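The values are calculated or read from the model by the stated rules, or taken from the named source; none is laboratory data. Owing to the predicted nature of the structure, the values given are computational and were not obtained by experimental measurement. As a convention, Cβ positions derive from the backbone with ideal geometry for all residues, glycine included, and neighbour counts pool all protein chains shown. Ligands, DNA and RNA are stripped out before the accessible areas are found, and what is left, the full protein with its side chains, is counted by its heavy atoms. Shrake-Rupley method; radii C 1.70, N 1.55, O 1.52, S 1.80 Å.
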Amino acid sequence: MFNKACIIACCLLFSAGSAATELTRVELKDGTEVVLNDDFTWRYVLLSAPDTEAAQLTAAIMANSALMTTSVSQGVRVTFKSARWDDTELGLDFDIENISPLTVLKVTIAATLFDDSGNKILTTEFDVWQAKNRLPETYLRKGQQRVSRTFTLDDINATQWQKQLISLAIIAVETR
């Protein structure tokens, strides 16, 4: 009979190789490039040289920035809704939608802002949805859509962020 340590070791061993591996890159008719992974997922190629300090948004993404304002993971869709300025503070709002059968308790995203030339300004994390413990009316249930609270950033230059170039990536979803 297996003991717990052996079962945990086997789980770790077999899950280590389950990360998505890039199979190929495909250029669409409009010039946008996508990466196809071996786990049947795909993503847009946003940066021209992702591993360098001088990484910049690709021309296709600059021409159609709406491609990077939505992220979907584990049945949750997060979309950049709006930005507003309050003196020198930038306020960001997001729409969150649960398209999975599970109840969502918390959603964390990484938001990367780019200046009007496509250069990265900063990346920051937000908990765009957080249910309150033992208050079921705050849970995000299947088919529900909610608006996040406003998140503020104070180190963004308004004159360099007129095009509102923002890329979203869901990094964690907690469900029940």
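Among residues that are touching a strand residue (DSSP E or B) at 6+ places or on another chain (Cβ under 7 Å), of a type in the set (G, A, S) and loosely packed, with under 13 Cβ neighbours inside 10 Å, A158 is included. Taking the stretch 20-37 as the range and being open to solvent by less than 70 Å² (accessible area, probe 1.4 Å) and assigned to a loop (DSSP other than H, G, I, E, B) as the test, the residues that pass are A20, G31, T32.
Filtering D115, D95 for residues that are touching a Lys or Arg at 6+ places or on another chain (Cβ under 9 Å), touching a residue at least 12 places away in the same chain (Cβ under 8 Å), of a type outside the set (K, R) and closer than 25 Å to A59 by Cβ leaves a single hit, D115. Being among the aromatic types (F, W, Y) and under 16 Å from L168 (Cα atoms): is that true of W129 here? Considered against the rule, which asks whether it is among the aromatic types (F, W, Y) and under 16 Å from L168 (Cα atoms), W129 comes out as yes.
Taken over the stretch 66-80, the residue count meeting the criterion of being without any contact (Cβ under 8 Å) to a residue 24 or more places away in the chain and assigned to a strand (DSSP E or B) is 1. Restricted to the stretch 81-137, the set of strands (runs of 3 or more DSSP E) holding at least 2 residues that are open to solvent by 40 Å² or more (accessible area, probe 1.4 Å) comprises 89-98, 120-130. When you check T70 against the structure, is it under 23 Å from L153 (Cα atoms), over 12 Å from the mean Cα position of the chain (by Cα) and open to solvent by 30 Å² or more (accessible area, probe 1.4 Å), yes or no? In short, no.
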